[in-house]
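Presented below is the structure to which this report refers.
The values are calculated or read from the model by the stated rules, or taken from the named source; none is laboratory data. It should be emphasised that the depicted structure is a prediction, and the values quoted were computed from it without experimental measurement. Virtual Cβ from ideal backbone geometry, glycine too; neighbours counted across all protein chains shown.
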């Protein structure tokens with residue numbers, strides 16, 4: 001099983017440079033821990049500081065090694081040509097494989113702010129993904145449905161094929177991921193029984209579409225403590241406050257051995273990658289938890 005990280009992009013700070021510095025320090029810590037992949041999310045028109053993925057990843061790649069890296073893009077909110085140009089440039093900077101995580105997005109506020117009709121999300125997603133893939137393959141592309149453009153091409157293009165992971169939770173969307181994606185990214189809010197049922201559904205739909213997935217990933221919000229007391233003192237209050245409205249069963253907070261057991265259970269279900277995000281904000285605690293992920297990863301490789 002591989003362990004990657006999706007860095008938190010939202011920070012409440014009076015000095016916006018501090019949030020950016022936190023992300024840089026966390027990317028460097030993830031590299032020291034030997035994690036297998038690095039990702040950033042995607043959100044728009046926010047009231048609080050949210051560091052946008054393309055410029056931020058460009059900076060973070062200076063802290064990263066030759067492991068995989070990528071971004072989540074909510075495809076309906078991006079023009080396909082612009083997105084393909086950004087991916088082509090990021091993939092040229094990265095020394096490892098670039099992974100394009102994508103989803104249809106939610107939240108009427110950000111769709112209204114970006115001038116996009118939420119009701120057209122599924123068709124816009126499929127049209128955009130097709131155009132982006134063709135552009136990155138070197139084709140000259142036009143489109144006249146949800147998007148309108150002619151004779152588009154992009155350069156630089158990725159030096160190796162971009163892997164596409166599609167985030168999805170509802171069964172029709174998971175079927176779309178099986179049909180169109182190289183991998184599936186499962187929701188962080190899935191409790192174990194639901195995570196097991198949906199990975200079985202995804203693999204069945206892959207078989208139905210004649211696809212062999214390159215990755216079956218799940219996001220988990222975590223804290224790795226140095227003792228049970230540390231876990232209780234650090235993560236306990238965050239979980240008790242109802243962290244992001246998640247069922248506590250979807251969260252992973254424990255010692256190294258406890259986290260290893262939870263991740264092994266996900267591997268037994270059929271997941272190949274766990275993409276973690278820390279459920280605490282305190283920077284020293286996050287960096288210490290990140291360091292302990294090295295031991296988690298080593299145990300999973302034994």
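Structure data summary
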| quantity | calculated |
| --- | --- |
| Number of the condition not met by residue 60 [criteria: (1) closer than 23 Å to residue 168 by Cα; (2) touching a residue at least 40 places away in the same chain (Cβ under 8 Å)] | (1) |
| So residue 267, is it part of a helix (DSSP H, G or I), at pLDDT 95 or above and within 19 Å of the chain's Cα centre (by Cα) | yes |
| So residue 93, is it modelled with pLDDT of 95 or more and touching a strand residue (DSSP E or B) at 6+ places or on another chain (Cβ under 7 Å) | no |
| Selected residue [over 30 Å from residue 299 (Cα atoms), at pLDDT 95 or above and buried (at least 21 other Cβ atoms within 10 Å of the Cβ)] from 69, 84, 30 | 84 |
| Residues located in the range 13-56, provided they are in contact (Cβ under 8 Å) with a residue 60 or more places away in the chain, more than 17 Å from residue 91 (Cα to Cα) and not in a loop (DSSP other than H, G, I, E, B) | 22, 25, 26, 29, 30, 32 |
| The range 257-267, residues that are surrounded by fewer than 22 Cβ atoms within 10 Å (Cβ to Cβ) and over 13 Å from residue 2 (Cα atoms) | 257, 258, 261, 262, 265 |
| Scan of the range 191-228 for residues that are farther than 20 Å from residue 239 by Cα and not in a helix (DSSP H, G or I), ordered by number | 209, 210, 211, 212, 213, 214, 215, 216, 217 |
| Count of residues meeting criterion [touching a residue at least 40 places away in the same chain (Cβ under 8 Å) and more than 20 Å from the chain's Cα centre (by Cα)] in the range 220-246 | 6 |
| Flag for residue 197 being free of Cβ contacts under 8 Å to residues at least 40 places away in the same chain and either crowded, with 18+ Cβ neighbours inside 10 Å or out of contact with any strand residue (DSSP E or B) (no Cβ under 6 Å at 6 or more places or on another chain) (or both) | yes |
| Hits in the range 77-99 - residues which are free of Cβ contacts under 8 Å to residues at least 60 places away in the same chain and within 18 Å of the chain's Cα centre (by Cα) | 77, 78, 83, 86, 90, 94, 96 |
